[in-house]
Amino acid sequence: MQNKSTEKKLNLDAELGWTEVREEFLKPCRILILTHKNPDGDAIGSALGLKWILGQLGHKVIVAIPDDAPLFLKWLPGYNEIIVNDRKPNGNISNLLNECDLIICADFNTPERLGAIEPLYRESGKRTFLIDHHPSEEPFTGFNLIDPTKGSTSELVYLFIKKLNFTEHLGIDAATCLLAGIMTDTVGLKVNCSYPEVFETVAALMRHGADKARIYHEIYNTHSADRMRLLGYSLSQNMRILPEYKTAYIALTISELNSYHHLKGDTEGFVNYPLAIAGIVFSVLFTEQNDHVKLSLRSTGDFPANQFAQKYFFGGGHLNAAGGRFPGTMKEAVIRFESVLEEYRELLAVSR
Ligand code: 5GP
Ligand code: MN
């Protein structure tokens, strides 16, 4: 991510660079796979999927993440072996970065997304391979496969493995992790998957042993009663609708979260519900953290949630799914949000 001149872009529909990449991945080495902070299903699924496949190829592979994933992802095969940096801040990570031969960055493409790992990663100066589906103009060292037309990085990992003729190394554990990643980024195969090829990948992963019904169950039907009550409260008491902006938002303070015994990951998916209201094209979930307010943004159609997050809330992401932060109180975050919405009034008016 430091020097654009050594960047080598890979394209699934072209041949340039692929022979070199295949040869490189055939030589066993020590690989460290990194993914982004607040890891979601696609982050964990793509990282662990790669780990299983590369392990089969004879590599020594370790996955490291800035912070823990929510409970509904911890059943994924290999999760327990992941190095979670904030459990033992910067203890192992420096060694792992120094000792590895290659770093793979999965499901992100700006180093800031590594949180506390970012400065250590930058210092390491190690060769990096990037695989991601977020749009990016960032300079990046080494080979990278960025394809924002894909609904998930996990799908891209499967296509990458297929392109390299490595699918014989794809076992049930890898297939399970990759299908879990596809499922979470497409919200249960509902959004970001309106192209037939993604279902060919789903079918292939099922043929490699992924149990779609079990994965769906583990991700969507293992919530606590408290989480369901928090969702009920968020929609019935807390959701604010701004019809003039075709926007709705939910703003949960720490004390509201605490009154439902909130655990990490409990609010995952809440932001999607307001989009089910006729006429709403933009939905935001604010969750108060210790020193800032976290934003989750979702949109439909052409309304650029990522641009909005980047411009006003130090964030980014995809056109229809983005994240950001506000360094202040919840009250200030909401006031700021409503005031900047005005700048998008015309665009929101024509969005559908
Ligand atoms: P979520 O709302 O689930 O936290 O994030 C939605 C999407 O936006 C994900 O694809 C995530 O990777 C991306 N995203 C979340 N937070 C940030 C951020 O702070 N910066 C950038 N660039 N992307 C983010
Ligand atoms: Mn993703």
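Do me a favour and compute the ellipsoid semi-axes for segment 1-156 from its Cα gyration tensor, root of five times each eigenvalue, largest one first, whole Å. Provide the component values of the computation, followed by the final result.
On the way: eigenvalues 98, 59, 54 Å².
The answer is 22, 17, 16 Å, longest axis first.
For A349 and Y233, what does the FRET efficiency come to when R0 = 35 Å and r is the distance between their Cβ atoms, rounded to the nearest 0.05?
FRET efficiency, A349 to Y233: 0.70.
If we count every other residue with Cβ under 11 angstrom of A278's Cβ, Lys/Arg +1 and Asp/Glu -1, where does the sum land?
That works out to +2.
For the pair T167/L275, report the inter-label distance in nm, with labels modelled 7 Å from Cα in the Cβ direction.
About 3.0 nm, to one decimal.
Assuming R0 = 30 Å, what is the FRET efficiency of N95 and D67, from their Cβ-Cβ distance, to the nearest 0.05?
Efficiency, rounded to the nearest 0.05: 0.95.
Normalising by the residue count of segment 1-65, find the relative contact order in percent from Cα pairs under 8 Å and 6+ residues apart.
35 percent
Quote the FRET efficiency, to the nearest 0.05, computed for L242 versus R325 with a Förster distance R0 of 25 Å and r equal to the Cβ-Cβ distance.
The calculated FRET efficiency here is 0.75.
Could you please state how large a percent of the accessible area of segment 8-220 is carbon and sulfur, counting protein chains only and using a 1.4 Å probe?
Working: 4480 of 8820 Å².
Ligands and nucleic acids excluded, carbon and sulfur give 51 percent.
How much of the DSSP beta bridge set in the chain is antiparallel, as a percent to the nearest 5?
Taking every DSSP beta bridge with both residues in the chain, the antiparallel ones total about 40 percent.
Rounded to a whole number, what % of the accessible area of segment 256-340 do carbon and sulfur atoms account for, probe 1.4 Å? Numbers along the way, then the final one.
Working: 2040 of 3940 Å².
C and S fraction of accessible area: 52 percent.
Starting from 0.36 nm per residue, how many nanometres of slack lie between Y216 and T19 once their C-alpha separation is accounted for?
Answer, rounded to one decimal: 67.3 nm.
So, counting K/R as plus one and D/E as minus one, what does the shell of residues with Cβ under 12 Å around S339 add up to? Please list the in-between numbers first.
On the way: positive: R336, R345; negative: E332, E338, E342, E343.
So the surrounding residues net to -2.
Compute the distance in nm between two label points, each set 7 Å from the Cα along the Cα-to-Cβ direction, one at L12 and one at V187.
Once both label points are built, they end up 2.2 nm from each other.
Tell me which of P327, I215, G315 sits at the most positive position along the dipole axis of the chain, charges placed on C-beta atoms (Lys, Arg +1; Asp, Glu -1).
I215
Where Lys and Arg each count +1 and Asp and Glu each count -1, what net charge lies around V84 among other residues with Cβ under 13 Å from its Cβ?
+1
Determine the relative contact order of the chain: mean sequence separation of Cα pairs under 8 Å and six or more apart, normalised by residue count, in whole percent. The partial results should precede the final answer.
Numbers: 680 pairs, mean separation 49.3, N = 352.
Relative CO of the chain lands at 14 percent.
Averaged per residue, what accessible area in Å² does segment 8-220 show with a 1.4 Å probe, protein chains only?
It amounts to 41 Å² per residue over segment 8-220.
The values are calculated or read from the model by the stated rules, or taken from the named source; none is laboratory data. Just so we're clear, the structure is a prediction, and the values are computed from it rather than from any experiment. Neighbour counts are summed over all protein chains in view; Cβ atoms, including those assigned to glycine, are modelled from backbone coordinates with ideal geometry. Quick note on the areas: whole protein, heavy atoms, side chains included, nothing else; ligands and nucleic acids left out. Shrake-Rupley method; radii C 1.70, N 1.55, O 1.52, S 1.80 Å.
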